[in-house]
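Structure first, commentary second.
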Amino acid sequence: MTQFPKAFIFDLDGVITDTAELHYEAWKKLADQLGITIDREFNEQLKGISRMESLELILAQDPKLKDMSQDDKERYATQKNNHYKDLLKTINPTDILPGIKDLLEAIKNNNIKIGLGSASKNAPAVLEQLELTNYFDYLVDAGKVSKGKPDPETFTTAAEGLEVAFEDCVGIEDATAGIEALNKANMFSVGVGSKDQLSEADYIVDSTTGLNFDKIVKRYGEWKQ
Ligand code: B16
Ligand code: MG
């Protein structure tokens, strides 16, 4: 008999939609202002980590900025976020990555719960813009998570909010840190992206088009045995 998971927990950026490009644009503007050059390759490191951690990585590019006061850091982080929020106004349901809507529908049709485990404090606003809020039974408040990915706290908080045991959850992630967090939480980890980067995932698909409900459930059932 097929074993069904009791919840699916989604990462946001890189899984449901690609806000990475907008984060990049906003960080680049700030970096330029500080006289630091960042490119898309550098931006890969910023995926899945928090706003302040991202700022620290950017400041570390220039030794002269290493003694910046906490107040200034907060000010720059707020400035980046305000620019990012302006850019977010341009997104709409056509920005949902391919295959995601069908997967959400299939999960709902099987009466399985859906949670969001994103590091982004802007996640609720992004779901609203994409008109996806109604699919979700629980959104993790990134502002209340004390240890970000690769710590499992984001995902364990989602499972607790959904009232589902960790091993009954499937988590979907595009970042190495996210897969590590899911594995530490003892959840079935689905990686979206390259095999090199996500080799620790329990199941890997190349892109969101590969996220088929039946295939994920089958692999989950094998993992659960
Ligand atoms: P915010 P995810 C993450 O989203 C992004 O990948 C990362 O680049 C960003 O710094 C982080 O959210 C925090 O976002 O500044 O909006 O709070 O991949 O965990 O959905
Ligand atoms: Mg992500």
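Which length gain, in nm to one decimal place, applies between Thr209 and Met68 when the Cα-Cα distance is subtracted from 0.36 nm times their residue separation? Provide the component values of the computation, followed by the final result.
Numbers: separation 141, 0.36 × 141 = 50.76 nm, distance 4.34 nm.
This chain segment gains 46.4 nm when fully extended.
Roughly how many debye, to the nearest 20, is the charge dipole of the chain about its Cα centre, given +1 on each Lys and Arg Cβ, -1 on each Asp and Glu Cβ, and no other charges?
Working: 26 positive and 39 negative charges, 40 e Å.
Dipole of the chain, to the nearest 20 debye: 200 debye.
Just need the relative contact order of segment 130-225 here, percent rounded to a whole number, with Cα pairs under 8 Å and 6+ apart.
On the way: 133 pairs, mean separation 18.4, N = 96.
With pairs under 8 Å counted, the relative contact order is 19 percent.
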Shape metrics for segment 43-99, restricted to C-alpha atoms - Rg then Dmax, Å: 14.5, 46
Farthest positive-ward along segment 1-159 dipole, Cα basis, beta-carbon charges - from Gln33, Ile114, Leu55: Ile114
Overall Cα dimensions of segment 15-56 - principal axes, largest extent first, Å: 33, 17, 15
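If you average over every viewing direction, what projected area does the convex hull of the Cα atoms of the chain give, in nm²?
Across all orientations, the chain yields a mean hull projection of 12.1 nm².
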Label zone at Asn109 (point 7 Å along Cα-to-Cβ), backbone N below 17 Å, segment 180-221: 210-218
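For a protection proxy built on the mean count of beta-carbon atoms within 10 angstrom, sort 85-91, 124-130 highest first, please.
Working: 85-91: 13.1, 124-130: 18.0.
So the peptides 85-91, 124-130, ranked by packing, come out 124-130, 85-91.
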Cα gyration tensor shape of segment 107-150, rounded if a/c is under 1.5, else prolate or oblate by comparing a/b with b/c: oblate
Straight-distance crosslink candidates among aspartates and glutamates, where the alpha carbon sits under 17 Å from Lys73 and sequence neighbours closer than 8 are dropped: Asp32, Glu53, Glu56, Asp62
Gyration tensor (alpha-carbon) shape descriptor, segment 110-225, a/c threshold 1.5: rounded
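How large is Rg over Rh for segment 52-160, taking Rg from the Cα atoms and Rh as the Kirkwood inverse mean of 1/r across Cα pairs? Mind showing how you got there, number by number?
Numbers: Rg = 17.1 Å, Rh = 16.3 Å.
Rg/Rh: 1.05.
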Spacing of the two label points (7 Å from each Cα toward its C-beta) at Ala125 and Lys89, in nm: 1.1
Residue pairs, from the table Lys147/Lys224; Lys29/Lys121; Lys64/Lys89; Lys85/Lys215, whose Cα atoms sit over 30 Å apart: Lys64/Lys89; Lys85/Lys215
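With contacts defined as alpha carbon pairs under 8 Å and 6 or more residues apart, what's the relative contact order of the chain in percent?
On the way: 352 pairs, mean separation 59.7, N = 225.
Over the chain, the number comes to 27 percent.
Here, each number is a calculation from the coordinates, and none is a lab measurement. The model shown is predicted, which means the values in this text are computed figures rather than measured ones. Cβ sites come from the backbone with ideal geometry, for glycine too, and all protein chains shown count toward neighbours.
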